[in-house]
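Nothing in this text is a laboratory measurement; each read-out follows from the coordinates by a stated rule. Keep in mind the model is a prediction, meaning the values are calculated, not measured.
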């Protein structure tokens, strides 16, 4: 095939190709692009958040990155994509527990914060709780999880279970389908 034949074939084919790109395609592009979800994302670096109740500091959280996301429709949320570290304070104003995780998201309208990926909580008595997910329900003032939670007591007891629930200070807890090893004190009479 020589150059002249190629150019004739190309010139004859162009009108057919251009005719197939009609107005309807441009209208479809508009309708598809209007279906996109619009949102605003504001990013803040090195964030410190103080949680207080009745003018008393209860917790201070630090996140390397905090994204405040506001969708055009639906509720806004705050996302901590590089994790968070939270120190919990007792009424005397000293730290009596910590929570660390690799990711967190707070849903403003639900008043819930989901802590995910390598979640570790240490309470005032030295017990440690770890899971892949813990949810803080601000309205009910408790933490819960349907994921497996591992507990290491300050006395060396270990346990694991699902359907975990604990008050905000992790002073007590309950869970179901549990297994573990308990250390019992001697000399306890019935």
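Full extension of the chain between residue 60 and residue 155 gives 31.4 nm of extra length, using 0.36 nm per residue less the Cα-Cα distance. Divided by 2.2 N^0.38 Å, where N counts the residues, the Cα radius of gyration of segment 104-173 comes to 1.07.
Counting only Cα atoms, segment 45-180 measures 47, 34, 26 Å along its principal axes, largest extent leading.
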